[in-house]
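The values are calculated or read from the model by the stated rules, or taken from the named source; none is laboratory data. Since the structure is predicted, the reported quantities are computational estimates derived from the model, not experimental observations. So basically every Cβ, Gly included, is an ideal-geometry build from the backbone, and we count neighbours across all protein chains shown.
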Ligand SMILES: Cc1cc2nc3c(=O)[nH]c(=O)nc-3n(C[C@H](O)[C@H](O)[C@H](O)COP(=O)(O)O)c2cc1C
């Protein structure tokens, strides 16, 4: 049983070289975490194995993003996302997470994995703005409306969700972001 900590407005930063890895069963129960996961989240292996992954769910994260993650994984496809996680001590850490599916020899889904790396500040800045809007829509009108907003946001930028995440999280994407920041400053 995991107790929800009091949420602190304090960030945990960690080395770009540290990959945080976990594996879940098809219901999202954690079946494996690596050492970096324990070190950064503050939870030991004993505390987390067998627990649902939403133990790390941060209240600033819109439900719609996890809906997309689950919908895609259960359909057997990989997906990436930018996630704000809640550590055991109430602090937060932002990650870029690549979710993947594992299959057995017959091609049946057996598990899901997440490979996470530290999210650069520019990525956080951009996604935070979007998540804040999605979250406030969710609170007032529910998840379907926040997903509709995400869809219109992507349409406006002529992007699909995977392309948006790719643009945002690859170095090329960061250059584009820098350009946008300069453009905003010039406006
Ligand atoms: C492989 C895998 C890794 C996940 N990692 C995280 C994570 O690091 N943080 C998180 O909040 N949710 C993660 N989730 C999503 C959770 O299962 C859950 O959907 C989410 O925390 C929202 O919780 P809720 O549906 O109870 O609101 C992961 C799911 C999978 C399949």
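Under the condition of being more than 9 Å from the ligand (Cβ to nearest atom) and assigned to a helix (DSSP H, G or I), which residue from the range 53-73 is surrounded by the fewest Cβ atoms within 10 Å (Cβ to Cβ)?
It comes out as 71.
Let's see how each residue does on (1) touching a helix residue (DSSP H, G or I) at 6+ places or on another chain (Cβ under 9 Å); (2) modelled with pLDDT under 95; (3) more than 18 Å from residue 132 (Cα to Cα):
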{"site": "64", "(1), (2), (3)": "yes, no, no"}
{"site": "70", "(1), (2), (3)": "no, no, yes"}
{"site": "75", "(1), (2), (3)": "no, no, yes"}
{"site": "80", "(1), (2), (3)": "yes, no, yes"}
{"site": "89", "(1), (2), (3)": "no, no, yes"}
{"site": "92", "(1), (2), (3)": "no, no, no"}
{"site": "98", "(1), (2), (3)": "no, no, yes"}
{"site": "106", "(1), (2), (3)": "no, no, yes"}
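When residues of the range 34-62 are filtered for being more than 25 Å from residue 132 (Cα to Cα) and within 16 Å of the chain's Cα centre (by Cα), how many remain?
1
All but one of (1) out of contact with any strand residue (DSSP E or B) (no Cβ under 9 Å at 6 or more places or on another chain); (2) more than 11 Å from the ligand (Cβ to nearest atom); (3) not assigned by TED's automatic domain parsing to the domain that holds residue 142 hold for residue 129; state the number of the condition that does not hold.
(3)
Which is more than 17 Å from residue 66 (Cα to Cα) and part of a strand (DSSP E or B), of 95, 101, 110?
110
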